[in-house]
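Student: Structure below; questions to follow.
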There are 2 protein chains.
Amino acid sequence: MSALSELQSHLAEVKALSEAAAVLGWDQQTYMPTGGAVSRAAQITALTRVVHQKATSAEMAGLLERAEAAGAELDTDSDDAAYLRMARRDFDKISKLPESLVAEMSRVTTLAHGAWALARAQSDYAGFAPWLTQILELSRQAADHLGHDGERYDALLDQYEPGMKTAEVRAMFESIKPALVALVRKISALGPSPVDDSVLKRSFDEEGQRQFGESVIRAIGFDWTRGRQDRAVHPFCTSFGRSDVRITTRFDKNFLPMALFGSIHETGHALYEQGIAERYAGNILCDGTSLGFHESQSRLWENLVGRSRPFWQKFYPALQSQFPEPLKDIDGEAFYRAINKVEPTLIRVEADEVTYNLHILLRFEIEQDLLSGKLSVADAPAAWNAKMSEYFGLTPPNDAQGILQDVHWSGGMIGYFPTYSIGNLLSVQLFEKANSDLGGQISEQIAAGEMRPLLDWLRTNVHQWGRKYPPTELVRRIVGGPLDPAPYLAYLEKKFGNIYTR
Amino acid sequence: MSALSELQSHLAEVKALSEAAAVLGWDQQTYMPTGGAVSRAAQITALTRVVHQKATSAEMAGLLERAEAAGAELDTDSDDAAYLRMARRDFDKISKLPESLVAEMSRVTTLAHGAWALARAQSDYAGFAPWLTQILELSRQAADHLGHDGERYDALLDQYEPGMKTAEVRAMFESIKPALVALVRKISALGPSPVDDSVLKRSFDEEGQRQFGESVIRAIGFDWTRGRQDRAVHPFCTSFGRSDVRITTRFDKNFLPMALFGSIHETGHALYEQGIAERYAGNILCDGTSLGFHESQSRLWENLVGRSRPFWQKFYPALQSQFPEPLKDIDGEAFYRAINKVEPTLIRVEADEVTYNLHILLRFEIEQDLLSGKLSVADAPAAWNAKMSEYFGLTPPNDAQGILQDVHWSGGMIGYFPTYSIGNLLSVQLFEKANSDLGGQISEQIAAGEMRPLLDWLRTNVHQWGRKYPPTELVRRIVGGPLDPAPYLAYLEKKFGNIYTR
């Protein structure tokens, strides 16, 4: 066996064990009975420890060095060279984290998740604060082990968005914030909203929602032989290899968009995973290249496609025949406007496309200050509410609808939020390049129910590569330049200008 | 930390990893999309290898020796002493199997399962024969590594029924075979059956079956906060700790007993797992003491309770109101007789209580001869059919309904079948002791819907102990003597004499 094959065999086993842990996580959020919580934590912790040991062992270090030596002459653009670069990157990163810190983070976040859920249910920030303090401290330790140039946030961000710096994220937000705030103000200044979304809150039976939702994601291209959709409290996408990709959704009888756009969003993630080249199956390159790229896929299908006029030209008749009663007096255009209503709200996951990034900016600012210690855990709710007032003109009535609304911090995911905004910006850049490559015909194709050209373009340009190219390189290969906010802002101006000035 | 605590901490991790593998197995049979098969095999193989490494490592050997030395003075009846005995037994057994053999068995059985399923679907024994040859050879190697006194079957049987010898199983069958054959002949000699079971083949809608089945297993005592029931092609029970015990069932619209008695049977297994003492949670004693004991619990609830007259005195009205149309002309007594019809059939899983053990005897005889080489793989179908003719007067029309019907051999489970008959015999011994301890009132209690006294008796006498006592010792502690076929035969004579001479 060659040195590279030996390394690949070792890392395939590590990957298989990581996938096993992901199966346990999926089950925990879909089918596990409540009684299973304690043993499930022990199972996941044991797996996490084994994965860390095998990924950082002396054996692994030796395999990697021998494979690198044997592969010194490889073509740098070859799969094997990319494999070695990624193996080195992963090894260097994970080796820097002591096993005790990894185990402690796993233990604390398992407990913190329960504490957060309870705190949110009771709007009791004090119940979560000690856990947040611990998680911040562990995150600081992790950042220092990972290494940085004085900006701890860099080290954490790099785990989710390889190569991206905090300063770049700041610059990104600085370039979009004024335009977003102005757009929100312009729309708010119109007075009583010219867009009526009350139709979305009528009664839509759950089984009908499920059937329609499944038909839509099938039409988009979700491969049901290599994936499934289940119910969960929080929608998510997880994969145990490119041929077993699972998404979840949740239903609200009196709020149609929740399941519908949730399913389309998660399908965007799933299409990425299902679309990775088959030759990478079971291989460390078989994953999304960054969370920003992943989010670009979910937001592209959710917003650029799923909330577009052409999409509903195609699908509205089917929706209307699924729900003749609640939709009887609503035409397709009115429905399109309803699902695109812009309104400052307290809750990120319910936000429209215009306000969404301001929610992310707020979190990005708060978590930087928490990490640096500039903001104390005790003062964080007040800081949150002050920013809500500044950006949205709203004051949360309680912390459940404020600082306690998101799960991320309880899971130790400090540095994750910016990837949502990166995904939003990137989704427009990719969509416009696809449209240009497809002769400007995407709208017509979507209106005709032809989703395949767009999916094929994404497969060819994004999905198939998995982690072969780092995100900054991949975006450059596709659009010929870096991440750029301009197309995104232009898209918002055009779409919502059209909706709000008709 | 004491030496014992260190050992327990190590083995708790091994157990957690085994449980993780069980979760993956459950998912594979319930929800996994077809595309997931290849990566699932890699995940389970990786976990199996890690479990074997950790269970047999030099570290483990040292922990065990130190804990044994520190525990030399323990009260032999204490939990800790039992723990050390079981840790030693497990370690000695698993250490004898080379990792390469364990991995090869895992690889071959994963592939053989698919080959068997295809061979059965096509009734193509030749397609399965090469796999059976390999599995027999690996089983011989395993038996030789495990050690035996010339009787290889002993080593395999001991994996499922610790302490039981092949000679004892032979003696058991010799003592029941003549009476069973005589009883079958007596019933067959009555001519056209005096029992009509056609009602069971009427149309029973699946949702109604599910609802009624769930109400029955809830009444029996299944704890839904610590378990769940899903659909699967083959019914089974699996557990990931005593607080996460899962059963599966399958439905046939035109055959009511399949889901109903399948669910009750699996619930019997689940009640055992859910009933193990809480202090054993996450501990190697937290498991059934043998497969025979496990089967005694499933058969007790399925047959002694679920196919009894008092049970249907209680539940028939509810069944009739669930299915008014198909049951409109059937009274409780006729239903009781229908579910107890005795008839020689080709398929084990559809067999009645009288003929069931003859199916097991046939398999026990064939697998012994296959293992010893007295019977060649090529000649096995003919041997199977000859025994079917001898015991049942039936000839399978094809191998799918003959030698290919069971999954066990494809999974490497040679030596497993006898545990079904051990369970049958034991179920009657336990039930009669329970009835005697409960003042002979069990029938009246069941007829009144009071299941708790019987369940409590089983919890106290069987379930709570987990693996603390080996099966031979546990049966002696409960009934004051060894496994005994006499009560079982007397029960059959009485029950079926009553049904067939009315």
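Student: Projected onto the charge dipole of the protein assembly as shown (+1 at Lys/Arg Cβ, -1 at Asp/Glu Cβ, origin at the Cα centre), which of A:100, B:22, A:146 gives the Cα projection farthest towards the positive end?
Tutor: Farthest along the dipole direction, towards plus: B:22.
Student: Give the angle, between 0 and 90 degrees and rounded to the nearest 10, that separates the Cα long axis of helix B:125-146 from the longest principal axis of the Cα atoms of chain B.
Tutor: The helix B:125-146 is inclined about 50 degrees to chain B.
Student: Among A:303, A:320, A:211, which residue has its Cα furthest toward the positive end of the charge dipole of the range A:179-334, with +1 on Lys/Arg Cβ and -1 on Asp/Glu Cβ?
Tutor: It is A:303.
Student: Cβ under 13 Å from residue A:403's Cβ, residue A:403 left aside: what net charge do those residues give with Lys, Arg +1 and Asp, Glu -1? Can you show the working numbers first?
Tutor: On the way: positive: A:120, A:348, A:363, A:387; negative: A:124, A:365, A:367, A:369, A:379, A:399, A:406.
Neighbour charge sum, excluding residue A:403 itself: -3.
Student: Along the positive direction of the dipole of the range B:3-96 (beta-carbon charges: Lys, Arg +1; Asp, Glu -1; about the Cα centre), which of B:55, B:71, B:86 reaches farthest?
Tutor: B:55
Student: Still on this structure, I have one more. Give me the dipole magnitude in Debye, nearest 20, for chain B about the Cα centre, with unit charges on the beta carbon: positive for Lys and Arg, negative for Asp and Glu. Please list the in-between numbers first.
Tutor: Details: 52 positive and 65 negative charges, 144 e Å.
Using Cβ point charges on Lys, Arg, Asp and Glu, chain B gives about 700 debye.
Student: Using only the alpha-carbon atoms, how far is helix A:256-274 inclined from the longest principal axis of chain A? Give it as 0 to 90 degrees, nearest 10.
Tutor: It is inclined by approximately 30 degrees.
Student: As a quick test, which of the pairs A:177/A:387; A:96/A:374; A:54/B:15 have an alpha carbon distance above 23 angstrom in this structure?
Tutor: From A:177/A:387; A:96/A:374; A:54/B:15, over 23 Å: A:96/A:374.
Student: With a ≥ b ≥ c the root eigenvalues of the C-alpha gyration tensor of the range B:318-414, is it rounded (a/c under 1.5), prolate (a/b larger than b/c) or oblate? Don't skip to the answer; put the middle values down first.
Tutor: Values: a/c = 3.14, a/b = 2.62, b/c = 1.20.
Cα axes put the range B:318-414 in the prolate bin.
Student: Same structure, new question: With label points built 7 Å along Cα→Cβ from the Cα atoms of residue A:372 and residue B:66, find their separation and express it in nm.
Tutor: 4.8
Student: Averaged over A:27-33, how many beta carbons belonging to a partner chain fall within 10 Å of each residue's beta carbon? Display every interim value, and only then the final one.
Tutor: On the way: counts 9, 1, 0, 2, 7, 5, 10.
If you average over the peptide's residues, the count of other-chain Cβ atoms is 5.
Student: Ranked by Cβ crowding within 10 angstrom, fewest neighbours first, how are B:388, A:1 ordered? Please report the intermediate quantities before stating the final value.
Tutor: Numbers: B:388 21, A:1 8.
Least to most surrounded, the residues fall as A:1, B:388.
Student: Right, something else. Just tell me how shielded A:404-417 is by partners: mean number of partner chain Cβ atoms within 10 Å of each residue's Cβ, no decimals. All intermediate terms of the calculation are to be shown ahead of the outcome.
Tutor: Numbers: counts 0, 0, 0, 0, 0, 0, 0, 0, 0, 0, 0, 0, 0, 0.
Other-chain Cβ atoms within 10 Å of each residue's Cβ, averaged: 0.
Student: Which of A:457, A:465 comes first, and how do the rest follow, when ranked by fewest Cβ neighbours within 10 Å? Spell out each step's value before the answer.
Tutor: Details: A:457 20, A:465 24.
Sorted ascending by nearby Cβ count, the order is A:457, A:465.
Student: Net charge near residue B:129, counting Lys/Arg +1 and Asp/Glu -1 over other residues with Cβ under 14 Å of its Cβ? Mind showing how you got there, number by number?
Tutor: Numbers: positive: B:120; negative: B:124, B:137, B:379, B:399.
After counting each charged neighbour, the total is -3.
Student: Can you give me the distance in nm between label points at residue B:254 and residue A:385, each placed 7 Å from the Cα along the Cα-to-Cβ direction?
Tutor: So the label points at residue B:254 and residue A:385 sit 6.8 nm apart.
Student: If I fit a long axis through the Cα atoms of helix B:418-437 and take the longest principal axis of the Cα atoms of chain B, what angle between them do I get, 0 to 90°, rounded to 10?
Tutor: Result, in degrees: 70.
Student: Here's something else I'd like to know. Please sort A:357-364, A:253-260, A:58-65 by packing, taking for each peptide the average over its residues of neighbouring beta carbons within 10 angstrom, highest first. Walk me through the intermediate numbers first.
Tutor: Values: A:357-364: 23.1, A:253-260: 18.9, A:58-65: 15.1.
Packing proxy ranking, top to bottom: A:357-364, A:253-260, A:58-65.
Student: Let me ask something additional. Taking the Cβ of residue A:386 as the center, what net charge do the other residues with Cβ under 11 Å away carry, scoring Lys and Arg +1 and Asp and Glu -1?
Tutor: Numbers: positive: A:387; negative: A:365, A:379, A:390.
Overall, the nearby charge balance is -2.
Student: Amide H to amide H under 5 Å from residue A:242: which residues, 5+ apart in sequence or cross-chain, H placed 1.01 Å off N in plane?
Tutor: Amide H neighbours of residue A:242: A:282.
Student: First check a/c for the range B:67-196, with a ≥ b ≥ c the square roots of the eigenvalues of its C-alpha gyration tensor; if it is under 1.5, answer rounded, and if not, answer prolate when a/b is larger than b/c or oblate otherwise. If you can, show how the numbers build up before the last one.
Tutor: Details: a/c = 2.68, a/b = 1.36, b/c = 1.98.
Verdict is oblate for the range B:67-196.
Student: Could I ask something else about it? About the Cα centre of the range A:3-96, how large is the charge dipole given +1 on each Lys and Arg Cβ and -1 on each Asp and Glu Cβ? Please answer in debye to the nearest 20.
Tutor: Numbers: 10 positive and 14 negative charges, 129 e Å.
About 620 debye.
Student: What does the C-alpha gyration tensor say about the overall shape of the range A:140-228? Classify as rounded when a/c is under 1.5, otherwise prolate if a/b is larger than b/c, or oblate. Intermediate results must be reported in sequence, preceding the final value.
Tutor: Values: a/c = 3.31, a/b = 1.37, b/c = 2.43.
In terms of gyration-tensor shape, oblate.
Student: Rank-order B:468-476, B:94-102 by packing density, defined as the average count of other C-beta atoms within 10 Å over each peptide's residues, highest first. Display every interim value, and only then the final one.
Tutor: Numbers: B:468-476: 19.4, B:94-102: 14.8.
Ranking, from highest mean packing down: B:468-476, B:94-102.
Student: What nm value, rounded to one decimal, do you get for the distance between residue B:122 and residue A:97 when each label is placed 7 Å out toward the C-beta?
Tutor: Simple spin-label model gives 4.8 nm for this pair.
Each reported figure results from applying straightforward, stated rules to the coordinates on display, with no laboratory input. Please read these numbers as outputs of a predicted model, since none were measured by experiment. With ideal geometry, Cβ positions are generated from the backbone for all residues, glycine too; neighbour counts draw on all protein chains shown.
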